[in-house]
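Let me begin by presenting the structure, written as structure tokens, before commenting on it.
The values are calculated or read from the model by the stated rules, or taken from the named source; none is laboratory data. Everything quoted here is computed from the prediction, not taken from an experiment. Glycine also receives a Cβ, built like all others from the backbone with ideal geometry; neighbour counts cover every protein chain displayed.
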Amino acid sequence: MDAQTLVDERGELWLALAPLWLEREPRETDYARMIAEIERHALSVRDLEWIFRLELAPVMARHQLSVAGEWRSFDDYRLMQQLVSHNLRLKGWRRKSWALFSGLTTMMTRHRWNELIGRLMVERGEAP
């Protein structure tokens, strides 16, 4: 898969989910955008979990752990470059390594993720 295909297929979803890693709690509008984008892609909760753990968390956790000042929003262009670069290399041993260590890269955001999944299940009419 090439960079443009990644941006076309995942870009809007990645940017919609990025507020899960901001220093502030996501707003209602953030959660609404996330759910709308998830539904637009018709993703299962299982597929979303792997996107969260493998495609997003390794890049986003670096921002969360950064001491380079306050971050209440992201530079979408720069963030997209980082996400595409990471995902183009996400094969073989790298994929397995990130799967193995994904608990560490997601632990600071897991409560927000659980909130999102709960809201998604309510939106879909499924029991949370």
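Numbers below:
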{"quantity": "Pair list, Cβ < 9 Å and 6+ apart or interchain, from the range 1-18 residues that are without any contact (Cβ under 8 Å) to a residue 24 or more places away in the chain and surrounded by 15 or more Cβ atoms within 10 Å (Cβ to Cβ) to residues that are part of a helix (DSSP H, G or I) and not polar (S, T, N, Q)", "calculated": "Ala16/Asp30; Ala16/Arg33; Ala16/Met34; Ala16/Ile35; Ala16/Ala36; Ala16/Glu37; Ala16/Ile38"}
{"quantity": "Where a residue in the range 100-127 is among the β-branched types (Val, Ile, Thr) and its partner, wherever it lies, is in a helix (DSSP H, G or I) and surrounded by fewer than 16 Cβ atoms within 10 Å (Cβ to Cβ), with Cβ under 8 Å and at least six apart", "calculated": "Thr109/Gln64; Ile117/Val45"}
{"quantity": "Checklist (1) farther than 29 Å from Arg124 by Cα; (2) outside any loop (DSSP other than H, G, I, E, B); (3) not aromatic (Phe, Trp, Tyr) applied to Leu90, failing item", "calculated": "(2)"}
{"quantity": "Residue count, the range 98-123 (criterion: modelled with pLDDT under 90, among the small types (Gly, Ala, Ser) and surrounded by fewer than 17 Cβ atoms within 10 Å (Cβ to Cβ))", "calculated": "2"}
{"quantity": "The lone exception for Arg40 - which of (1) over 17 Å from Asn114 (Cα atoms); (2) modelled with pLDDT under 95 it fails", "calculated": "(2)"}
{"quantity": "Top-ranked residue in the range 9-35 [being assigned to a helix (DSSP H, G or I) and over 12 Å from the mean Cα position of the chain (by Cα); ranked as nearest to Leu48 (Cα to Cα)]", "calculated": "Ile35"}
{"quantity": "Pair list, Cβ < 8 Å and 6+ apart or interchain, from the range 55-77 residues that are crowded, with 19+ Cβ neighbours inside 10 Å and of a type in the set (Lys, Arg) to residues that are assigned to a loop (DSSP other than H, G, I, E, B) and modelled with pLDDT of 75 or more", "calculated": "none"}
